[in-house]
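Encoded as structure tokens, the structure appears first; notes follow it.
The values are calculated or read from the model by the stated rules, or taken from the named source; none is laboratory data. Keep in mind it's a predicted model, so treat the numbers as computed, not measured. Cβ atoms come from the backbone with ideal geometry, glycine included; neighbour counts cover every protein chain shown.
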Amino acid sequence: MTLPLDVILRNATVIDGTGAAPIQADLAIAGDRIHAVGSLGRAGAEAEIDCRGLVVAPGFIDVHTHDDTALMIRPEMTAKLSQGITTVVAGNCGISGAPYDRPGDPPDLLRLIFKSAECVAPSFEAIATRVERARPAVNAAFLTGHTTLRMQVMGSDLARTATSAEVAAMRGLLAECLEQGSIGLSSGLFYPPARAASADEVIGVGAPLAGCHGLYTCHIRDEADGVVESLEEALRIGRETGARTIVSHHKCMGERNFGRSVETLALLERARQRQPVAWDVYPYTAASTVLNEELVAKASRTLVTWCDPEPRFCGRDLAEIARELGCSPLEAIPRLRPAGAVYFLMDEADVTRILGSSAAMVGSDGLPEDQHPHPRLWGTFPRVLGHYVRERGVLRLEDAVHRMTGLSARSFGLRDRGVLRAGNRADLCVFDPATVRDTATYEAPAQPASGIRHVFVNGVAAWRDGAATGERAGKVLRRQDATEFLAAEHAN
Ligand code: ZN
Ligand code: CU
């Protein structure tokens, strides 16, 4: 007896996510799994989709997101589905929704992601349950944030290294989160609430990672003049905790550091010889985070993305706002906070070089709670395929897809995903390689990409003919479901 097939994608250009060259083939879906990839001849199915001229690839994995809140309150996840993304990793840069249960509104940095107290919870399980109840359209895996752990354990007394008792308390909370399904620890040593933490503090907190193949992802202490020293610190934390290290949104900031990716990538390549390390990158020369003096000073231009006291300034140039307020841009900052911004402070040659480097994955770092977000939120993946692959030819299509799928699933321990192979989950993105492109800009950032034709999540069509179907079949991906896979991956 043969399984009833639900969908056959016919005559497609199949790019399997491993980096292998495209092949012409059909792909069949049965339930939530890929049933077969190959020439399916006259096999029949409930639905057949002609994919002549289209690429069928694994659904994209956005390894660097701040979608924690969006997954609960806007579960349609249109910014992601419209790019062909089927899985997001949340809890990055040291900021996660759990474990946190102090009374009152979440502190300032948490507000970047969590606008209200409902989106934080005392345990990983509570967050996972809320996300499952919301039934998001994409799958989600979650990291546990070092900054959140600090806020939970140390309250507002954060301008110092944690005591050994506090480190032990954070370690205990991390161990609990890992047990409940967190895939690892994220840190954001750049940000003031974590900046006072020493590397030894993070190593102490991260002790439970090695035993369960947890990851260590980091927004490093300094991505500008101190980028090399900060990478060395991150690598040391990875070595001493025994965790696979992921350098988040790798970049070299500020004009005097333009070109230094030659040096940083050489350092990372050497490190790969002795420890597991990978990195992610977004395809833009502007960064985005909270409004911060240091970054304003390094940027050639700053755009305000959200501004609680003066929402009318969203989307506008800081220099122009300062003129209007009759002060300097640096003087304007305290009057605008809490606020966020986009900063133009990278070199295109560095972005291109990092994107093509050996262990680079694509991650958007999109900020879905911003009123006037950086265009990376809606544009990252199609921009790589359209601008970097088709227009500039700096990556081969199958290589770009690998950095969005197979490499990402391996590095993050996401079992049964990221590669088109019979038996894997049917997370798929069907796109037109001749037209796929981002349309989101700094001026008009909330624009769906074009050329993404169909998206399947766990075998369910969430996006058909360029529009959402309303089906939401995403799952929470828990670490313990991937234990054997992780053990095997970490062994090589
Ligand atoms: Zn970050
Ligand atoms: Cu981030």
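Tell me which residues, restricted to segment 437-481, are within 30 Å of Arg244 (Cα to Cα), among the hydrophobic types (A, V, I, L, M, F, W, C) and surrounded by fewer than 22 Cβ atoms within 10 Å (Cβ to Cβ).
Hits for segment 437-481 are Ala473, Val476.
Go through segment 1-30 and give me each residue that's hydroxyl-bearing (Ser, Thr, Tyr), in a loop (DSSP other than H, G, I, E, B) and surrounded by 14 or more Cβ atoms within 10 Å (Cβ to Cβ).
Thr18
Got a sec? Which of Leu109, Leu54 is farther than 22 Å from Ile246 by Cα and of a type outside the set (Lys, Arg)?
Of Leu109, Leu54, the one residue that is farther than 22 Å from Ile246 by Cα and of a type outside the set (Lys, Arg) is Leu54.
Name the single residue that is surrounded by the most Cβ atoms within 10 Å (Cβ to Cβ) among those in segment 352-376 being over 20 Å from Thr405 (Cβ atoms) and within 16 Å of ligand 1 (Cβ to nearest atom).
Checking each candidate, the answer is His374.
Give me a count of the residues in segment 220-254 that are out of contact with any strand residue (DSSP E or B) (no Cβ under 7 Å at 6 or more places or on another chain), basic (Lys, Arg) and away from ligand 2 (no atom under 16 Å from the Cβ).
Adding up the residues that qualify gives 2.
Looking at (1) assigned to a helix (DSSP H, G or I); (2) surrounded by fewer than 24 Cβ atoms within 10 Å (Cβ to Cβ); (3) within 21 Å of the chain's Cα centre (by Cα), which one does Arg256 not meet, given that it meets all the others?
Of (1) assigned to a helix (DSSP H, G or I); (2) surrounded by fewer than 24 Cβ atoms within 10 Å (Cβ to Cβ); (3) within 21 Å of the chain's Cα centre (by Cα), only one is false for Arg256: (3).
Looking at (1) outside any helix (DSSP H, G or I); (2) more than 15 Å from ligand 1 (Cβ to nearest atom); (3) surrounded by fewer than 19 Cβ atoms within 10 Å (Cβ to Cβ); (4) at pLDDT 95 or above, can you tell me which one Ser156 breaks?
Evaluating Ser156 over (1) outside any helix (DSSP H, G or I); (2) more than 15 Å from ligand 1 (Cβ to nearest atom); (3) surrounded by fewer than 19 Cβ atoms within 10 Å (Cβ to Cβ); (4) at pLDDT 95 or above leaves (4) as the failure.
Where in segment 162-226 are there helices (runs of 4 or more DSSP H), lying wholly inside it, with at least 1 residues that are in contact with a Gly (Cβ under 8 Å, 6 or more places away or on another chain)?
164-180, 192-195
With respect to Val290, determine if the residue is more than 16 Å from ligand 2 (Cβ to nearest atom) and under 22 Å from the mean Cα position of the chain (by Cα).
Here the answer is no, as Val290 does not meet what is asked.
Looking only at residues in segment 159-175 that are closer than 28 Å to Ala482 by Cβ and touching an Asp or Glu at 6+ places or on another chain (Cβ under 9 Å), which one is surrounded by the fewest Cβ atoms within 10 Å (Cβ to Cβ)?
For segment 159-175, the residue satisfying everything is Val167.
Quick check on segment 305-312. Is at least one of its residues aromatic (Phe, Trp, Tyr) and touching a helix residue (DSSP H, G or I) at 6+ places or on another chain (Cβ under 8 Å)?
No, segment 305-312 contains no residue that is aromatic (Phe, Trp, Tyr) and touching a helix residue (DSSP H, G or I) at 6+ places or on another chain (Cβ under 8 Å).
Could you list, in sequence order, all residues of segment 111-130 that are surrounded by fewer than 24 Cβ atoms within 10 Å (Cβ to Cβ), of a type outside the set (D, E, K, R) and in a helix (DSSP H, G or I)?
Ala117, Cys119, Ala126, Ala128, Thr129
Filter segment 31-85 down to residues that are in a loop (DSSP other than H, G, I, E, B) and either touching a residue at least 60 places away in the same chain (Cβ under 8 Å) or surrounded by fewer than 17 Cβ atoms within 10 Å (Cβ to Cβ) (or both), then give me how many there are.
Of the residues in that region, 27 qualify.
A quick yes/no check of all residues on (1) within 16 Å of ligand 2 (Cβ to nearest atom); (2) at pLDDT below 95; (3) not in a loop (DSSP other than H, G, I, E, B):
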position	(1), (2), (3)
Val342	yes, no, yes
Ala349	no, no, yes
Glu369	yes, yes, no
Asp399	no, no, yes
Leu407	no, no, yes
